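**Q** Quick one: the structure is below, and I'll ask about it shortly.
The values are calculated or read from the model by the stated rules, or taken from the named source; none is laboratory data. These numbers come from a predicted model, not from an experiment. Cβ coordinates were reconstructed from backbone atoms using ideal geometry, including for glycine residues, and neighbour counts include every protein chain displayed. These area figures cover heavy atoms from the full protein model, side chains too; ligands, DNA and RNA do not enter into them. Shrake-Rupley method; radii C 1.70, N 1.55, O 1.52, S 1.80 Å.
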Amino acid sequence: DPAVIYDLGGKFDKSFNEAAYNGAEAWKAETGGNYLDFELQNDAQREQALRRFASQGANPIVMAGFSWNAALEAVAPEFADTNFVVIDTVVDQPNVQSIMFDEHTGSFLVGALAAMKSETGRVGFVGGMDVPLIHRFYCGYAYGARQVNPDVELTENYTGTTPAAWNDPVTAGELAKAQIDNGVDVIFAAAGGSGLGVLQAAADAGKFSIGVDSNQNYLHPGSVLTSMLKRVDNAVHTAFNEAGDDATFKPGRIDLGLADEGVDYALDEHNQDLITDEMQVQVDELKQGIIAGEIEVHDYYTDNACPL
Amino acid sequence: MNPQRPKTAAAPAPASRWAIELEKINKRFGAVHANKDIDLKVERGTIHGIVGENGAGKSTLMSILYGFYTADSGTIKVDGTERHITDSRHALALGIGMVHQHFMLVENFTVLENVVLGAEDSALIAPSLKRARAELERIEDEYNLVVDPDAVIEDISVGQQQRVEILKALYRGAQTLILDEPTGVLTPKEADDLFRVLETLRDQGKTVILITHKLREIMAITDSVSVMRQGEMVKTLTTSETNPEEIAELMVGRRVLLRVDKGPANPGKTLLEVKNLVVADDLGVVRVKDVSLSVRAGEIVGIAGVSGNGQSELLESVTGMRDQRSGTVVVNGRELSLKGDDGAARARAAGLAHVPEDRQHMGLVTTFEEWENAILGYQDAPEYGGGPFLDIEAARRKAAEQIKRFDVRPANNRLKTANFSGGNQQKIVLAREMGRDPDVLIVGQPTRGVDIGAIEFIHNQIIAMRDAGKAILLVSVELDEIRSLADRILVMFDGQIVGEADPATASEGEIGLMMAGISQSAAALEARP
Amino acid sequence: MDFQVILSILDATLRLSTPLLLACLAGLYSERAGVFDIGLEGKMLAAAFAAAAVAAVYGSMWLGLLAGMAVSLGTTLLQGVAAITLRGNQLIAAVAINMLAAGLTTFLGQTWFGQGGRTPALGPNGRFAPIELPFVAELSGIPILGPLYAEVISGHYLLVYIAFIMVPVTWFVLFRTRFGLRLRAVGENPKAVDTAGISVNRMRYQAIIITGLLAGIAGAYFSIAQGSGFGNNMTAGKGYIALAALIFAKWKPVPAMFTCLLFGFLDALQIRLQSARLPLIGEVPVQAIQALPYILTVILLAGFIGKAVGPKAGGVPYVKER
Amino acid sequence: MSARTPLPRWADIVLLPLLNLALAFLVSGLVVLMVGENPLHAVQVIIYGAFGYGDGFGYTLYYATNFIFTGLAFAVAAHAGLFNIGGDGQAYVAGLGAIVIALALDQTHWLLAMPAAMIGAALVGGFWAFIPGYLQAKRGSHVVITTIMFNFIAAALMVYMINRVLKPATTMAPESATLAVGGRVPQLRQFFSFFGYSPVNLSIVVALLALVFVYVLVWHTKLGYALRTLGQNPSASRYAGMSNSRLIMIAMTISGALAGMVAINEVMGVQNRLVLDFVAGSGFVGIAVALMGRNHPVGILFAALLFGALYQGGQELQFVIPGVTREMIVVIQALVILFTGAMEGLFRPALERTFMLFSPEQKARAVSVSTAESES
Ligand SMILES: Nc1ncnc2c1ncn2[C@@H]1O[C@H](COP(=O)(O)OP(=O)(O)OP(=O)(O)O)[C@@H](O)[C@H]1O
Ligand SMILES: Nc1ncnc2c1ncn2[C@@H]1O[C@H](COP(=O)(O)OP(=O)(O)OP(=O)(O)O)[C@@H](O)[C@H]1O
Ligand SMILES: [Mg+2]
Ligand SMILES: [Mg+2]
């Protein structure tokens, strides 16, 4: 059976862990198969959980989160016959597949939409925990907004500095309110469970918000402008289907970007009234430009900086 | 048998000659049999004394009558009717009030608030406070019990606090008033005032039960007296038909010398010298105002004064526990720096020992075993272990020695200190402080709440130290004690030494007047008959 | 900083200090009665969950509020049985309550709603809406005061106003009623209360019942006023901050209000300072800004507040026979 | 009647806690029943998971190591009358001391790196507790508030330090560089294969030594005597010439240093690098451990083992029974704290009556003691 191990946020974090869970559930519904899963409580359990599943014969074992390097580097060689798939970080082992998402390009698109939608010329960003991954989101977002409107003013906030920041909608909502009070009228929430507070605050104030990871447009129709999709669910789904068999398993790094629909912006019946045809045309052009390599989006990971 | 609570406190026509009758009362605390088959009858309209050694079971018996504890067996009759007193509210309703040995006051409340607590008559306190204020004025007039109703308890003297306790009982309509060691903390003047109040009460037909260790008081104001020993009722006597020696012998089981026997002092060189000391209390109020005094080897200097006139701060400063604002303290020729919060260690190192006024609050850690208290303050001495380690065996040996020398009972150095009676706790402190042969001994209230057997012993120890050439500074509110122990008496009032008296010549009245702030010459004049 | 920003900060201050204030007052009743309570966090969390769950299922904020208060009360009574009747350690009892609430809320939430412990998002009837106070329009002409009234004073959730009304109410109850007199006495010297014929344990239970109800409102505020729905551990340590505020305020209601306002203000300020570049210093690390309220608390405490001495009998179960 | 005989000692320290533990499990069982699982099976899984095999037992010991340190940290301060709830933050910042030294020395040998890093961790953890101690001693700031605040400040500081200072540019995760072998504390499995892959390491020996250290410190040194005097009666300690302010600072510093040892176990023994929030609430568990262990090292040892077992057994439960989530484990732990810690008095009266009824000697003893005592 395949197995999935969620990171510390827990499987219902409304963020990538939950996306992973959704992918596994979708696979289950589709194939009727069984899968194993485990929620970490602390860092010491990483190796424990990996070994446990591997020795139970689970294959493949999928992990969500950027903190798996050490554990996986230790355990993967011990179980050469087991295939591992890790999402959001890169582990260089022959039986490990590392899936990375181009968060920056997806964020670029929603940043562009934000700048187009904004009437005040001020767009905001509320991140979850202040970590490089979230800076990567922000940097892409900022580049996208600047692309459309070079004079756009950007406000960047983070809910917190501990993992609790993923789950603090109250603070996130306050950050959003503060931004709105400052004239911001579109806010991108890349904050896991905390993002719900941003979406709510924007809806309460009659402004616009942008969801993250999964499609959150339905939460406040008319207020959620779009969502930056990061298809962890698809990645898990695919991994469950393919990685268990050495014939289809592809070790090494895989980058999922706009071209492979690993990241994207969401358009559905809940937000189609918010995004005009011109906006859609313009953003799709940008998307094609990035895919074609004509537009360069700065990747925070390359230099740990976001030179604007 | 009537388990129902009576509605009104005021008892109607007395049905019986006895206000209180206790029969076959038994009470155990775990292994301790505190009251054994106690019988006691108290006649209405009298003052009835109860005496007994520390731990005899007096407080326990009264707490049972007051409903604070429940007896294991036995019956209680109030005004001839058997009652089951289940809690204090019940006792109050039956017209029984009690002033506890340790006051039951809320320290940060005002007098008025303490008086109405539990006896409020409506959901809002304003009307109760108003009524209480009026009622207090009436009671004050009637008994001459003056207290400021708006003063906060922690700011007023113990004597005043005790008045509040009495007011509490009277406010609740007490017909029978129990007082547990009421004079332990009072000055002679305050005690006299109290007794006048008690006599007024008796004259009005109220009943008073008085627990005390002072036979002088028993003889002075009680009508009858009951003696308890080791949980049993030994005998009840009519006061006019007995004498202190008989009571003392019944109490302790042997003859007790009731007066202090000491030879003339033989003063040597000055060992303790205090110059121009100014000390403030925790709140920054200056309590000691420019005090100078000296104590020589081989003499006992007593400081008399109404409590709250700066004696405590003086003692604390001299012993290094409290920084002085200005002035110096010289012990044995060495000037003490009192700065920093470990001044007491430096004072000890200079050869000063200190028996504090309040043993439970300061001199002892009551949750420690006895031996741990036997080294308190001297824990760093090399004999209790080298380097950082504590030599427990040595400490226990020392404790056992002290116990033996001062006859502490029970002679068990592993017993928790809280479980020793007050008198024995005092002996533990004395044994420790005297045992190290200090040059200067500072003693505060050495016999407060201690039974007469122990008082005799403690006084003898203090005199023995003097005769061994030590300088002793004694602070006590017990004028009798000061007069019989001290070789010189300094009277303190409002932070200053207002006069010096010779115990051999000065009358009690003269000293008493000085304690009230009347200047020495005026006091001498006024005290003259 | 322009006027608009100041208004916005003050507005947020009221919003953010409300749950602290409610929890702080809750703790005040308990601690004044001699029962130390580091379990405010757990009570609020339990209440937040119950309020959101009931509001989501029945679509009524009022039922939600009641449920929050009821559950908080139940939790408090459980703690009371341990700490008062059984004379257990008050701190352990509270620690257990905090853990129990943290675990049970998520566990039950997952069992009932299947959303990982979250409750479903609340509809308009499930959630308190801001209230416009009267005369906003009439006063709008007055400079400074007009906007102040409109933006800062008006337009909060009902529970915000309840919290601030509870300050004088608490003051009155504590210092002007028989109940308050006895309550304060029982925290200072339970023996005095006992000998006055009042049951110490009954007084303490009465006190913690109020604690439970107020903590319940505080918890409900998180999930059905400020937020819309319950999220795991959504009280995020506010119970401990409220406790700190209580000590800071030396267990007095009016200082408690000012302390909570101060904490709320620091929080609001922190949020707005995050991306600001300060003159001279340049960009301050966001962590420094986030730690600012805590650092300031420490500085204020050390510099100005001095010693805080709590109710004397606090933390000790009452045992009649020594 | 109202007379009560104290329980025999064995009943007090063994029987009563066992009864309470049984009750805690009984109530937890109801929770397990709620998700439709067999509670007996669950208990079996927990016990097996915690003690039944080498790996599991190793994890139990690994968790217990942390809890011993934080429990002792709380206890030392508590003996001095200080309620240090900042163990979490102190352990967290101590990670800085540990990692800096361990990284510097990881090309040498653990025999050098470990003691050096222990000193580093103790210094940093001790310093983090010293400040609240200083503020309490000199400024009267309530140590409970300041330690709460310092937990929050520590969290912010550590994120900054890890992300902006310690994180190598090549790593994505917020964590420091990984220690080379010379900077790691040896695992027990290197000596006893019994422990399988579990992360229990030599830190547990340090923990056991710390237990002895605290026992000696508190009951066999002059400093310990002074600390206890301060804790029981601050007026008495001032009377005795002890410097209360110095004692407060010393007690807090020792407390923080002990909490800091968690960093050795986690940073050098398990993670081999500094990661965010590696303390994972151990500081708070330590409070419960110390309170349950009555601030005595022996009690703390057993309480820490109990909590270690619950952590690891709970894990096992999650692996074996799919319906069980990590929140249920927290619930079970809370119930254990509630019943064994706060409601320990629940069975006492009943038990005392039972002993009175069934043990005539007990009755006789009570009577004889009372007469002996009152006649002395
Ligand atoms: N609450 C209690 N718990 C256990 N034992 C007690 C308690 N109160 C009193 N005792 C025991 O009962 C005995 C009688 O105590 P009690 O307080 O009645 O003595 P007392 O005669 O008032 O002594 P003193 O003159 O010192 O006030 C004591 O020796 C003590 O051992
Ligand atoms: N926990 C206890 N267990 C057993 N006996 C106790 C306990 N606490 C106090 N006692 C006893 O109760 C009696 C009364 O105690 P209390 O504290 O009133 O001392 P006391 O002798 O009355 O002091 P004082 O000298 O001030 O009058 C003492 O004889 C003491 O031995
Ligand atoms: Mg007594
Ligand atoms: Mg006495």
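**Q** Helix-only mean residue ellipticity at 222 nm, chain D, DSSP H runs n ≥ 4 weighted -39,500 (n - 2.57), per residue, nearest 500. What is it?
**A** Computed mean residue ellipticity for chain D: -21500 deg cm²/dmol.
**Q** Solvent-accessible area of D:Trp128, probe 1.4 Å, all protein chains present, reported in Å² to the nearest ten, please.
**A** Using a 1.4 Å probe on the heavy atoms, I get roughly 30 Å².
**Q** Give, to the nearest whole percent, the P(r) tail of the protein assembly as shown beyond 54 angstrom, counting all Cα pairs.
**A** The answer is 36 percent, as a whole percent.
**Q** How crowded by other chains is D:210-222, given as the mean number of beta carbons from other chains within 10 Å of each beta carbon?
**A** Partner Cβ neighbours, averaged per residue: 2.
**Q** In nm, give the distance between the simple-model label positions of A:Asp303 and B:Glu241, each being 7 Å from the Cα along the Cα-to-Cβ direction.
**A** 11.2
**Q** By the gyration tensor of its Cα atoms, with a ≥ b ≥ c the square roots of the eigenvalues, what is the shape of chain D: rounded for a/c under 1.5, prolate for a/b over b/c, or oblate?
**A** Oblate is the answer for chain D, as a/c is 1.5 or above yet b/c matches or exceeds a/b.
**Q** If you don't mind, another one. What accessible area, in Å² to the nearest ten, does a 1.4 Å probe give for D:Leu258?
**A** 10
**Q** Once a ≥ b ≥ c are taken as the square roots of the eigenvalues of the Cα gyration tensor of chain C, is the result rounded (a/c under 1.5), prolate (a/b larger than b/c) or oblate (a/b not larger than b/c)?
**A** In terms of gyration-tensor shape, prolate.
**Q** If the elastic network links every pair of Cα atoms under 10 Å, which of D:Val143, D:Val285, D:Val31 fluctuates the most in the Gaussian network model of chain D?
**A** Maximum fluctuation in the GNM of chain D, among the listed residues, is at D:Val31.
**Q** Using 0.36 nm times the number of residues separating B:Asp192 and B:Asp148, minus their current alpha carbon distance, what extension gain do you get?
**A** Between B:Asp192 and B:Asp148, full extension yields 13.9 nm more.
**Q** Can you work out ³J(HN,Hα) from phi for every residue in region C:214-222, in order, using Karplus 6.51 cos²θ - 1.76 cosθ + 1.60 and θ = phi - 60°, giving whole Hz and x for Gly and Pro?
**A** Per-residue couplings from phi come out as 5, 4, x, 5, 4, x, 4, 4, 4 Hz.
**Q** Now for a separate question. Calculate, in nm to one decimal, what A:Ser55 and A:Glu294 gain on full extension: separation in residues at 0.36 nm each, minus their alpha carbon distance.
**A** Once the chain is fully extended between A:Ser55 and A:Glu294, it gains 81.3 nm.
**Q** Where does each of B:53-61, B:122-130 land if you order them by average Cβ count within 10 Å, highest first?
**A** Taking the mean over residues of other Cβ atoms within 10 Å, the ranking is B:53-61, B:122-130.
**Q** Let me ask something additional. Listed here are the pairs B:Lys168/C:Lys312; B:Lys24/B:Lys416; A:Lys11/D:Lys167; which of them are more than 25 Å apart at the Cα?
**A** Flagged as over cut-off: B:Lys24/B:Lys416; A:Lys11/D:Lys167.
**Q** I'd like the isolated cysteines in the protein assembly as shown, meaning no second cysteine's beta-carbon lies under 4.7 angstrom from theirs.
**A** When partners are defined as cysteine Cβ atoms under 4.7 Å apart, the protein assembly as shown leaves C:Cys24, C:Cys260 without one.
**Q** Amide H neighbours of A:Asp264 under 5 Å, counting only residues 5+ apart in sequence or on other chains, H built in-plane at 1.01 Å?
**A** A:Leu229
**Q** If you don't mind, there's one more thing I want to ask. Hey, rough spin-label estimate for A:Ala29 and B:Glu43, points 7 angstrom out along Cα→Cβ, what's it come to in nanometres?
**A** Distance between the two pseudo-spin positions: 9.8 nm.
**Q** Would you tell me the accessible area of C:Tyr58, worked out with a 1.4 angstrom probe on the heavy atoms of the protein chains, in Å² to the nearest 10?
**A** 150
**Q** With +1 assigned to the C-beta of every Lys and Arg and -1 to the C-beta of every Asp and Glu, and no other charges, what is the dipole magnitude of the protein assembly as shown about the Cα centre in debye, to the nearest 20? Don't skip to the end; give the middle numbers.
**A** Details: 119 positive and 152 negative charges, 1027 e Å.
Here the protein assembly as shown has a charge dipole of around 4940 debye.
**Q** What residues have an amide H closer than 5 Å to that of B:Ile303, excluding those fewer than 5 places away on the same chain, when H is modeled at 1.01 Å from N in the peptide plane?
**A** B:Leu474, B:Val475, B:Ser476, B:Leu490
**Q** A further question on this structure: Can you give me the angle between helix A:232-242 and the longest principal axis of chain A, using Cα atoms only, in degrees from 0 to 90, rounded to the nearest 10?
**A** 30
**Q** In degrees between 0 and 90, to the nearest 10, how far off the longest principal axis of chain A does helix A:132-148 point, with axes built from Cα atoms?
**A** In chain A, helix A:132-148 runs at an angle near 40 degrees to the longest axis.
**Q** Now a separate question. Would you list, by chain and number, the aspartates and glutamates whose Cα falls below 13 Å from the Cα of A:Lys230, excluding same-chain residues fewer than 8 positions away?
**A** Within the straight-line limit of under 13 Å, A:Lys230 reaches these aspartates and glutamates: A:Glu18, A:Asp88, A:Asp102, A:Glu103, A:Asp213, A:Asp255, A:Asp260, A:Glu261, A:Asp264.
**Q** For region D:143-163 and region C:216-265, write down the distance between their C-alpha centroids in whole Å.
**A** 20
**Q** Could you work out, residue by residue across B:371-377, how many beta carbons of other chains sit within 10 Å of that residue's beta carbon, and then give the average as an integer?
**A** Working: counts 0, 4, 3, 0, 3, 9, 7.
Average neighbour count from other chains, rounded to a whole number: 4.
**Q** What FRET efficiency, computed as 1/(1 + (r/R0)^6) with R0 = 35 Å and r the Cβ-Cβ distance, is obtained for B:Ser73 and B:Arg17, rounded to the nearest 0.05?
**A** Details: r = 25 Å, r/R0 = 0.72.
Efficiency for this residue pair is about 0.90.
**Q** On average, how many beta carbons from a partner chain sit within 10 Å of the beta carbon of a residue in A:177-186?
**A** Taking the mean over all residues of the peptide, I get 4.
**Q** Once you keep just the Cα pairs under 8 angstrom separated by 6 or more residues, what percentage relative contact order results for region B:18-244? Show your work: numbers first, answer last.
**A** Working: 435 pairs, mean separation 67.0, N = 227.
Contact order relative to length: 30 percent.
**Q** Within region C:21-51, what residues put their amide N at less than 17 Å from the label point 7 Å along the Cα-to-Cβ vector of C:Phe172?
**A** Correct set: none at all.
**Q** I'd like to verify something in chain D: which complete DSSP H helices, judged by Cα projection on the helix axis, reach 20 Å or more and average at least 1.0 on the Kyte-Doolittle scale?
**A** D:16-34, D:87-105, D:110-134, D:143-160, D:203-220, D:244-263, D:297-320
**Q** Kindly compute the accessible surface that chains D and C hide from a 1.4 Å probe when together, both sides summed, and give it to the nearest 100 Å².
**A** 3600
**Q** With r as the distance between the Cβ atoms of B:Ala411 and B:Ala464 and R0 = 25 Å, compute the FRET efficiency 1/(1 + (r/R0)^6) and round to 0.05.
**A** Calculated value: 0.75.
**Q** Given a Förster distance of 51 Å, report the FRET efficiency between B:Asp141 and C:Trp62 from their Cβ-Cβ distance, rounded to the nearest 0.05.
**A** Working: r = 58 Å, r/R0 = 1.13.
Efficiency at R0 = 51 Å is approximately 0.35.
**Q** Taking Cα atoms, how many degrees apart are the long axis of helix C:253-273 and the longest axis of chain C, rounded to 10 and kept between 0 and 90?
**A** Once rounded, the angle reads 40 degrees.
**Q** Hey, another quick one. Checking the a/c ratio against 1.5 first, then a/b against b/c, what shape does the Cα gyration tensor give for chain B?
**A** It comes out prolate by the Cα gyration axes.
**Q** Same structure, new question: Can you compute the modelled spin-label distance between C:Ala129 and D:Lys138, with each label point 7 Å from Cα toward Cβ, in nm?
**A** 5.6
**Q** Return a whole-number percent for the relative contact order of chain D, with Cα pairs under 8 Å and 6 or more residues apart as the contact set.
**A** Rounded, it is 34 percent for chain D.
**Q** Take B:Arg409, D:Arg353, D:Arg9, B:Arg396 and sort them by solvent-accessible surface of the protein heavy atoms, 1.4 Å probe, largest at the top.
**A** Ranking B:Arg409, D:Arg353, D:Arg9, B:Arg396 by accessible area, largest first, yields D:Arg9, D:Arg353, B:Arg409, B:Arg396.
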